[in-house]
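J.: This is the structure I have questions about; it appears just below.
The values are calculated or read from the model by the stated rules, or taken from the named source; none is laboratory data. Since we're looking at a predicted model, the values are computed, not measured. Cβ atoms come from the backbone with ideal geometry, glycine included; neighbour counts cover every protein chain shown. Note: accessible area is taken over every heavy atom of the protein model, side chains too, but ligands, DNA and RNA are not part of it. Shrake-Rupley method; radii C 1.70, N 1.55, O 1.52, S 1.80 Å.
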Amino acid sequence: NSHLRHVEKDVLIPQIMRDRAKELCSDKVQAFTKCCQETGFLMVVKCRQENAALKDCLVGYYSDPSFYEECKAEYLKQREEYRATGIKKKRQKFTSNI
């Protein structure tokens, strides 16, 4: 059954999208984090370029209908496995610590 409840459409699938987008934009996340750590309170002014690059990357994924469908399929697969086994699996995260 691929019918989605309101909470699935508006909360759970967008959460998967955010997590995956952060993984896919990890280089920009790391650059922004590094800039913020180096500049402290002045990060609002000095990290604008890194923040804009990160925002562009994330918004690109959030607004992509095919990316939404991928995440929806991933969610439906997780839901199907949970309903079959009763065991909730943690989402595997792929992060590079280079």
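J.: All but one of (1) modelled with pLDDT under 90; (2) within 15 Å of the chain's Cα centre (by Cα); (3) not small (Gly, Ala, Ser) hold for residue 70; state the number of the condition that does not hold.
T.: Condition (1) is where residue 70 drops out.
J.: If I go through segment 5-27 residue by residue, how many of them are open to solvent by less than 60 Å² (accessible area, probe 1.4 Å) and either charged (D, E, K, R) or within 15 Å of residue 70 (Cα to Cα) (or both)?
T.: Summing the residues that are open to solvent by less than 60 Å² (accessible area, probe 1.4 Å) and either charged (D, E, K, R) or within 15 Å of residue 70 (Cα to Cα) (or both) in segment 5-27 gives 9.
J.: Give all pairs with beta carbons closer than 6 Å in which a residue from segment 22-50 that is more than 18 Å from residue 60 (Cα to Cα) meets a residue that is of a type outside the set (Phe, Trp, Tyr) and not in a helix (DSSP H, G or I); count only pairs at least 6 apart in sequence or on separate chains.
T.: 35/47; 36/47
J.: While we're here: Evaluate segment 42-52: report whether one residue or more is touching a Phe, Trp or Tyr at 6+ places or on another chain (Cβ under 7 Å), closer than 21 Å to residue 77 by Cα and assigned to a helix (DSSP H, G or I).
T.: no
J.: I would also like to ask the following. Among the candidates 49, 37, 30, single out the residue that is surrounded by 15 or more Cβ atoms within 10 Å (Cβ to Cβ) and on the phi < 0 side of the Ramachandran plot. Before you say what the answer is, go through the steps one by one.
T.: Working: 49 fails: surrounded by 15 or more Cβ atoms within 10 Å (Cβ to Cβ); 37 fails: surrounded by 15 or more Cβ atoms within 10 Å (Cβ to Cβ).
Unique residue meeting the criteria: 30.
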